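Okay, structure first, notes after.
We did not get these values from a lab; they are worked out from the coordinates using the rules stated. The structure presented is a predicted model; accordingly, all values stated were derived computationally and were not measured. All Cβ positions, glycine included, derive from the backbone under ideal geometry; neighbour counts span all protein chains shown.
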Amino acid sequence: MSRTYYVTTPIYYVNDVPHIGHSYTTIAADVLARFFRQAGRDVRFLTGTDEHGIKIVKASAEKGLTPQQLADTVVVGFEQLWRDLDITHDDFIRTSQPRHEARVQAIVQALVDRDEIYLGGYEGWYDEGQEEFVTESAARENEYKSAISGRPLVRYKEPSWFFRLGKWVPRLLEHIETHPDFILPASRANEVVSKLKMGVEDLSISRLADKVGGWGVRMPNDRDHTVYVWIDALSNYLTALGWPAVGAEDDEAHMRYWPASVHLIGKDILWFHAVYWPCMLMALDMPLPQCVFAHGWWTSEGRKMSKSLGNFISREVIAELCAEYGRDAYRYFLLREVPFGSDGDFSRASLKGRYNSELANGIGNLLSRTTNMIDRYFDGVLPEAVGVGAVERPVIDAAAALREGAEAMMARCDFHAYLGALLAVAQATNRYIEDTEPFKLAKDPDQRRRLGTILNTCAQAVAVILAHLEPFMPEVAAAGLSRFGGAPAAGTLAERTAWGALPAGTPVSKGEPLIPRKP
Ligand code: MSP
């Protein structure tokens, strides 16, 4: 059995419609899933929706719907967006599904059995938009408003069950210190560590069921309480694998994927994933995920995204952008524009700029030149490479750097550098064509072998570029590769992209520009 790779996205709240931020994490997860499948790993890719909590209850009431009706409506939009963006998840979990609810109860019961949970009372501030308890000092600092949404915090006072979070903090700190890749980027790990060192209180993990209209998972040990929505939500990463066994047919069918290779999340929900979740897992005696990666946030046209400003990038706007540039270009742009981990600004001008300079002029043009010349000078049959030498080196070296660095860059979610290395191959090859001037050599019959070597070198480079581009731009890459002898060869990515993997004699066809320039 090959090594497993388990990648997850956050499960998205259904109080609001899908937007660019959701698409960002899910595209990143899809790229990882596609890449590691190509690398021969046994991949599991999970996404889904977070449907419980006060926020959903309030949003549905405003719309005159039940929470379930709201969830059922909004989920359709998420599923549509994932189809629109060619997302290849293996499972889509909804927290209102019985398979999830039963297992959340089993998880909480296990914590009860282990004496990790006790009854107390919660009195303090709550950020309903973030579904987050806020300490007095943090509340005061932000004038009793949400640090994220700016909306007023709500005062809560009610009996509540508590998880002994504080008890696990020393072990968590040690884990973070001994596992430098546990929280990425590293700067985020430092933030978590300093906050942990300031002291952490036990975590209120239940809400009175009446306060949330009964919408949620009941505490197994107390019918008056529902499970705090974050405990419910975080559990999805395990419940979707069938854990713990509660008697259903697919119980634990996928437990070979645990622990997760990476939980991809946005920076605003790092604390939940880097503190609550691992402490819960330690209390359950379960292995911790290998990595929690917190990416940055997008603004739009230079400002915080909002419907009233008219810069909100909804599913409809994404569909429009995909119609104009192709969905592959949208996928590419998001992961290329800024390093994963940094904040980015989306603008139509930068999408168009990158599309034209990197995709159309860089990769598309190279593909066209290469296939056109092979068509014209060699009747569409890939010539042999003979006497490869120093002139070819920069191209071969750039391709080797990409191929050899690819897996490590992907393991660190360094999409930006990966695509940078990929573009470097295109640049080196375009420069090689300018330097060697094959169109001039073509006029001299004595240079035929040299011409063949140059075009073979270009074709090898294009094949390496397209194969590595596949996880990001699956349709464009497949269409490009199909111009070199039809179906892509079998084997792992590394096998398929060894230098010279494209044999002389391969039929090469020219065609319409694959990535046409936008005026
Ligand atoms: N339901 C919780 C997650 C539970 S995971 C066990 C949640 N949902 S959310 O729908 O509000 O947010 C989901 C993700 O979208 C978060 O990772 C958040 O960082 C991300 N984004 C929301 N707006 C964003 C941008 N403008 N830019 C990038 N990502 C953004 O939180």
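Considering the Cα positions of the stretch 45-84, please state its Rg to one decimal place and its Dmax as a whole number of Å.
Both quantities, over Cα of the stretch 45-84: 11.1, 34 Å.
Tell me the angle of helix 415-436 to the major Cα principal axis of the chain, expressed in degrees between 0 and 90 and rounded to the nearest ten.
The angle comes out at about 10 degrees.
Please give the contour-minus-distance gain from L309 to E475: 0.36 nm per residue of separation, less the Cα-Cα distance, rounded to one decimal in nm.
Full-extension gain reported as 56.4 nm.
Using modelled amide H (1.01 Å from N, peptide plane; none on Pro or chain starts), what sits under 5 Å from the amide H of D345, excluding residues fewer than 5 places away?
T299
Amide H neighbours of L382 under 5 Å, at least 5 residues apart or on other chains, H built in the peptide plane: list them.
For L382, whose amide H was placed from the backbone, the distant partners under 5 Å are G505, T506, V508.
Rounding to the nearest 20 debye, state how big the charge dipole of the stretch 348-496 is about its Cα centre with +1 on each Lys and Arg Cβ and -1 on each Asp and Glu Cβ.
340
Could you order peptides 328-337, 496-505, 135-144 by the average number of other Cβ atoms within 10 Å of their residues, highest first?
Going by the mean number of other Cβ atoms within 10 Å, highest first, we get 328-337, 496-505, 135-144.
Have a look at L203, S149, P98 and report the one farthest towards the positive end of the charge dipole of the chain, computed about the Cα centre with Cβ charges (Lys/Arg +1, Asp/Glu -1).
Most positive-ward Cα: S149.
Quick one: dipole size for the chain, taken about the Cα centre, charges +1 on Lys/Arg Cβ and -1 on Asp/Glu Cβ, in debye to the nearest 20.
1180
Pick out, from C322, H225, C279, the residue whose Cα sits farthest towards the positive end of the charge dipole of the chain, with +1 on the Cβ of Lys and Arg and -1 on the Cβ of Asp and Glu.
C322
With just the Cα atoms of the chain, tell me how far they stretch along each of the three principal axes, in Å, largest first.
90, 49, 43
Per 0.36 nm of contour for each residue apart, how much would the distance between K267 and V17 grow if the chain were fully extended, relative to their Cα-Cα spacing?
Length difference between fully extended and current span is 88.0 nm.
HN-Hα J couplings of the stretch 239-248 from phi, Karplus 6.51/-1.76/1.60, θ = phi - 60°, integer Hz, Gly and Pro as x?
4, 5, 8, x, 10, x, 5, 10, x, 7
For Y6, enumerate residues with amide H under 5 Å from its amide H, sequence gap 5+ or separate chain, H modeled in the peptide plane.
Residues meeting the amide H criterion: R44, S261, V262.
Calculate the FRET efficiency for D210 and S482 from the Cβ-Cβ distance with a Förster distance of 56 Å, rounded to the nearest 0.05.
Computed FRET efficiency for D210 and S482 comes out at 0.40.
Once R0 is set to 60 Å, what does the formula 1/(1 + (r/R0)^6) return for the Cβ-Cβ distance between D446 and M255, expressed as a FRET efficiency to the nearest 0.05?
Working from the Cβ atoms, E equals 0.35.
For the ranges 93-103, 120-130, what's the packing order if you count other beta-carbon atoms within 10 Å of each residue, average per peptide, and put the highest first?
Ranked from most to least packed, the peptides come out as 93-103, 120-130.
Would you kindly derive the ³J(HN,Hα) couplings of the stretch 94-100 from the backbone phi angles with the Karplus curve 6.51 cos²θ - 1.76 cosθ + 1.60 (θ = phi - 60°), listing them in order in whole Hz, with x for Gly and Pro?
Result, ordered by residue: 10, 6, 8, 6, x, 4, 7 Hz.
Sort out for me the Cα centre separation of the stretch 1-20 from the stretch 422-445, rounded to whole Å.
Going from one Cα centre to the other spans 42 Å.
At a Förster distance of 41 Å, what's the computed FRET efficiency of V154 paired with R393, Cβ-Cβ distance as r, to 0.05?
The calculated FRET efficiency here is 0.05.
Multiplying the sequence separation of T135 and D42 by 0.36 nm and subtracting their Cα-Cα distance, what value in nm do you get?
29.2 nm
Between 0 and 90 degrees, rounded to the nearest ten: what's the tilt of helix 67-84 against the longest Cα principal axis of the chain?
Value to nearest ten degrees: 10.
Nearest 5 is fine: what % of DSSP beta bridges in the chain come out antiparallel, could you say?
That works out to approximately 50 percent antiparallel.
To test your reading of the geometry: what angle, between 0 and 90 degrees and rounded to tens, separates the Cα axis of helix 20-38 from the longest principal axis of the chain?
60
Gap in Å between the Cα centre of the stretch 220-242 and the Cα centre of the stretch 331-389?
46
I'd like to compare 148-160, 365-377, 282-294: which one has the highest average count of other Cβ atoms within 10 Å, and what's the full order after that?
The most tightly packed comes first, giving 365-377, 282-294, 148-160.
When the Karplus curve 6.51 cos²θ - 1.76 cosθ + 1.60 is applied with θ = phi - 60°, which whole-Hz ³J(HN,Hα) does each residue of the stretch 120-132 get, with x for Gly and Pro?
Computed from phi, the couplings for the stretch 120-132 are x, x, 10, 9, x, 8, 9, 9, 5, x, 8, 6, 9 Hz.
Let me know the charge dipole size of the stretch 63-203 about its Cα centre in debye, to the nearest 20, where only the beta-carbon of Lys, Arg (+1) and Asp, Glu (-1) is charged.
So the magnitude is around 220 debye.
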